[in-house]
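Everything on this sheet refers to the single structure shown next.
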Amino acid sequence: MSKHRRNHSAEKLLGTSPGTLTYVGAEIEHATKIKRIEYNATDYHIDDTSKLSACRLPVSTTPYVNWIDVDGIHESKVVAALGQQYHLHPLLLEDVLNTEQKPKIDIYDEMSNGNGAVGPTSSVIFVTLKMLHHSRQRQEIDVEHISLVLGKNYLISFQEERTKDIFEPVIERIKASSGKTRRNGADYLLYALMDVIVDHYLLITERIGDKMDEIEEQIVQEQANQQTLATLYKLKRELAFIRRTINPVRDIIGTLLREESDLLQHSTLPYLRDLSDHINQVIETLESYRELIAGLMDVYYSIVSNRMNSVMKTLTIISSIFIPLTFIAGIYGMNFDNMPELRQPSGYFVVLGLMVVIAVGEIIYFKRRGWM
């Protein structure tokens with residue numbers, strides 16, 4: 001079952017002005033971890049214990065792509081400090097701190113506010129996504145709020161505090177060789193991080209498909225029970241939740257493909273189109289699963305109905321056999337003096353034989369009619 005986080009921390013936003021930096025999410029005791037990665041085609045440098053003072057806005061002439069990986073968004077002061085160093089819009093930072101924010105994309109153009117209310121803001125592309133984790137032990141899906149900020153020659157990734165960095169595969173690719181990630185710019189890094197998230201969507205759909213295959217086998221073999229029906233309802237709710245989470249990602253990728261921005265290189269567009277194909281595949285698979293669940297529920301109810309009909313049919317046949325026998329037994333159970341058959345020495349055996357003949361005759365008749 002999906003883990004739908006329902007907390008009341010969103011009440012903190014009631015009455016606050018737009019752009020107020022308030023964390024909305026589960027309480028976390030650990031400190032925010034910041035990782036700074038600099039790389040190009042020939043070299044890379046990773047600082048696992050980077051401080052805010054080291055996370056400076058790179059100059060336009062720097063030969064490196066700068067990646068700031070923030071693990072933990074519960075400390076609003078840290079997010080605010082990063083936003084100030086990179087001149088990020090307060091509305092953007094507000095969405096970073098709100099784990100209830102739906103997936104979306106925003107384009108922020110570079111501008112300067114003369115009255116100082118907002119201050120100068122950089123030209124960035126802001127993407128909010130949801131990472132889906134499958135827990136085999138709890139048999140549920142956990143959701144992680146992810147925010148990506150693409151700027152000129154840099155990218156900032158915000159993720160909720162977890163025991164494992166979900167972007168570790170990308171970091172390992174940077175360490176391994178000067179492949180496509182190292183040879184391309186920050187826009188390709190944005191694609192690579194989104195690709196990791198979409199790959200997890202594919203993994204989630206595969207596991208749901210395996211679960212549905214197990215349930216389908218139980219139903220076909222008529223081993224289904226009330227627990228099977230409960231599991232189907234859980235899967236139905238889970239699919240609805242996943243669809244609401246994943247559907248906006250298609251629009252996000254579509255916007256990136258249509259956007260004419262200096263932050264997106266033409267060489268990255270084929271990768272984004274491939275990512276669009278993957279997310280379409282996930283959505284189509286979820287749609288087919290939804291139809292399959294509806295079909296499995298219909299089959300389950302049909303099997304239950306057939307079982308009930310079989311039981312009622314058996315009881316009806318038994319009742320039909322015993323109705324005439326009960327009628328005969330009722331007649332000769334009456335206490336009247338003038339009943340000559342009661343005084344016959346062989347009367348009991350004659351009536352008993354008659355009852356057997358009637359019962360056997362009915363059984364033969366029912367079999368010929370195909371009712372048994």
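The values are calculated or read from the model by the stated rules, or taken from the named source; none is laboratory data. Just so we're clear, the structure is a prediction, and the values are computed from it rather than from any experiment. Reconstructed Cβ throughout: ideal geometry from the backbone, glycine too, with neighbour counts over all protein chains shown. SASA here: full protein model, heavy atoms, side chains in, ligands and nucleic acids out. Shrake-Rupley method; radii C 1.70, N 1.55, O 1.52, S 1.80 Å.
Worth a mention:
- Computed magnitude of the charge dipole of the chain (debye, nearest 20; Cβ of K, R +1, Cβ of D, E -1): 840
- Per-residue SASA entry for Glu222, accessible area with 1.4 Å probe, Å² rounded to 10: 110
- Springs join every pair of Cα atoms under 10 Å in this Gaussian network model of the chain, and among Leu315, Leu203, Leu229 the largest mean-square fluctuation is at Leu315.
- The shape of segment 205-361 comes out prolate: with a ≥ b ≥ c from the C-alpha gyration tensor, a/c is at least 1.5 and a/b beats b/c.
- With all protein chains modelled, accessible area of Tyr301 [1.4 Å, Å²]: 100
- Averaged per residue, the chain has 55 square angstrom of accessible surface, using a 1.4 angstrom probe with ligands and nucleic acids left out.
- Entries in Lys130/Lys211; Lys33/Lys234; Lys180/Lys236; Lys180/Lys211; Lys175/Lys211; Lys33/Lys130 that, when Cα-Cα distance is taken, lie over 29 Å: Lys33/Lys234; Lys180/Lys236; Lys180/Lys211; Lys175/Lys211
- Ordered by 1.4 Å accessible area with all protein chains kept, Lys104, Lys77, Lys313, Lys130 run largest first as Lys77, Lys313, Lys104, Lys130.
- Reported label for calculated percent of Cα pairs over 38 Å apart given [x] 41; [y] 14; [z] 21: [x]
- Candidate membrane-span-like segments in the chain, meaning DSSP H helices with Cα atoms spread over at least 18 Å of their own axis and a Kyte-Doolittle mean of 0.5 or above, are 269-331, 347-368, with no membrane implied.
- Of Thr62, Thr268, Val282, farthest towards positive along the dipole that unit charges on Lys, Arg, Asp, Glu beta carbons give the chain: Val282
- Taking all protein chains together, His145, His200 sort by accessible area into His200, His145, largest first [probe 1.4 Å].
- Taking Cβ atoms as reference points and 10 Å as the exclusive limit, the residues near Ala224 contribute a net charge of -3, counting Lys and Arg as +1 and Asp and Glu as -1.
- Protein heavy-atom surface of segment 224-372, 1.4 angstrom probe: 60% of the accessible area is carbon and sulfur, with nucleic acids and ligands not counted.
- Segment 176-237: C-alpha gyration tensor shape, a/c 1.5 cut-off, then a/b vs b/c: prolate
- Ordering of 41-47, 334-340 by burial proxy (mean other Cβ atoms within 10 Å per residue, highest first): 41-47, 334-340
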